[in-house]
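A.B. asks: Would you mind keeping the following structure in view while I ask a few things?
The values are calculated or read from the model by the stated rules, or taken from the named source; none is laboratory data. In this text, all values refer to a predicted model and were calculated from it rather than measured experimentally. Reconstructed Cβ throughout: ideal geometry from the backbone, glycine too, with neighbour counts over all protein chains shown. Surface accessibility is based on the protein's heavy atoms, side chains included, excluding ligands, DNA and RNA. Shrake-Rupley method; radii C 1.70, N 1.55, O 1.52, S 1.80 Å.
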Amino acid sequence: MNERMRIAITKGRLLDKSVKLFEQAGFDCGPVKNPGRCLVHSLPNYPLDAVLAKAPDVITYVENGVCDLGIVGRDTILEKGGTFYEVLDLGFGKCRFALAVKEGTDFYGTYKTRRIASKYPEVTRAFFEKKGMDVDIIKIEGSVELAPILGLTDAIVDIVETGATLKANGLVPIETVADVSARLIVNTASMKLYKNQISDFIARCEAELEGNP
Ligand code: PRP
């Protein structure tokens with residue numbers, strides 16, 4: 001008899017794509033497709049409950065073992081870190097972290113300390129630390145593109161998907177900081193406790209991904 005496992009799935013853009021993958025892999029996701037305000041849904045034909053959560057909380061629930069599995073973007077993994085296994089690149093939710101400036105700015109052509117705005121201060125810190133560059137990082141909660149436009153910072157480190165937001169705001173990407181896509185993560189204890197079930201789940205997702213690269 002299989003134990004029911006829990007998977008935390010990031011709400012928003014990654015949810016629809018996760019549901020699509022699961023359905024292709026043969027898991028009935030009916031309840032997750034029409035969630036209403038309900039946050040926990042049992043899959044009818046597989047011993048798995050889907051928990052809908054915000055990206056950083058997906059990591060918190062998996063790390064603390066109240067969810068066995070999680071689906072979360074690599075952007076959140078890089079920013080928040082944590083102890084868990086990252087077992088599969090799900091191939092969707094593809095975008096990148098980029099360093100971007102106002103068009104015409106010579107970002108590296110000065111010795112003064114640059115100011116960088118980002119929703120991801122840890123990713124930004126690690127990027128410039130690797131370069132041995134001292135920068136001031138200002139945490140912004142959203143629409144980071146405003147910071148250089150308003151003259152608050154010299155640059156931003158932000159998610160770029162199509163590039164449309166940068167372009168519409170007169171900014172240009174000058175360097176890729178990291179590539180991002182959705183990842184399947186697993187709690188370290190669950191990996192041992194539910195070894196066979198988790199292997200089966202990963203194998204089904206993997207087979208589907210290989211069939212639809
Ligand atoms: C993200 C990101 C960029 C935009 C990039 O913002 O922070 O602003 O999407 O996408 P694009 O390259 O396809 O234009 P989001 O929509 O999550 O809103 P926010 O800026 O308010 O966080």
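A.B. asks: Using a probe of 1.4 angstrom, how much of the accessible area of the chain is carbon and sulfur, in percent? It would help to have the intermediate numbers written out before the result.
C.D. replies: Working: 5510 of 11240 Å².
Whole-percent figure for carbon plus sulfur exposure: 49.
A.B. asks: Modelled label-to-label distance, GLN24 and ASP106, 7 Å Cα→beta-carbon offset: nm?
C.D. replies: 4.8
A.B. asks: What dipole magnitude, in Debye to the nearest 20, does region 78-213 give about its Cα centre under +1 on Lys/Arg Cβ and -1 on Asp/Glu Cβ?
C.D. replies: Values: 17 positive and 20 negative charges, 58 e Å.
Value, rounded to 20: 280 debye.
A.B. asks: Contact order normalised by length for region 3-56, with contacts defined as Cα pairs under 8 Å and 6 or more residues apart; what percent is it? Intermediate results must be reported in sequence, preceding the final value.
C.D. replies: Working: 72 pairs, mean separation 25.6, N = 54.
Answer for region 3-56 is 47 percent.
A.B. asks: Shifting gears a bit: Send over a whole-number figure in Å² for the accessible area per residue of region 1-57, probe 1.4 Å. Intermediate values should be presented prior to the final figure.
C.D. replies: Details: 3230 Å² over 57 residues.
For region 1-57, the per-residue accessible area is 57 Å².
A.B. asks: Continuing with the same structure: Projected onto the charge dipole of the chain (+1 at Lys/Arg Cβ, -1 at Asp/Glu Cβ, origin at the Cα centre), which of VAL58, PHE201, PRO148 gives the Cα projection farthest towards the positive end?
C.D. replies: With unit charges placed on the Cβ atoms, the residue in question is PRO148.
A.B. asks: Quick check: pseudo-label points 7 Å beyond the Cα along Cα→Cβ at GLU210 and ASP134, how many nm apart are they?
C.D. replies: Distance between label points: 5.2 nm.
A.B. asks: Report the gain in length on full extension from GLU3 to ASN196: 0.36 nm times residue separation, minus Cα-Cα distance, nm rounded to one decimal. Each step should come with its number before you reach the end.
C.D. replies: On the way: separation 193, 0.36 × 193 = 69.48 nm, distance 1.09 nm.
Additional length available on full extension: 68.4 nm.
A.B. asks: Could you report region 105-187's accessible area per residue, 1.4 Å probe, as an integer in Å²?
C.D. replies: 53
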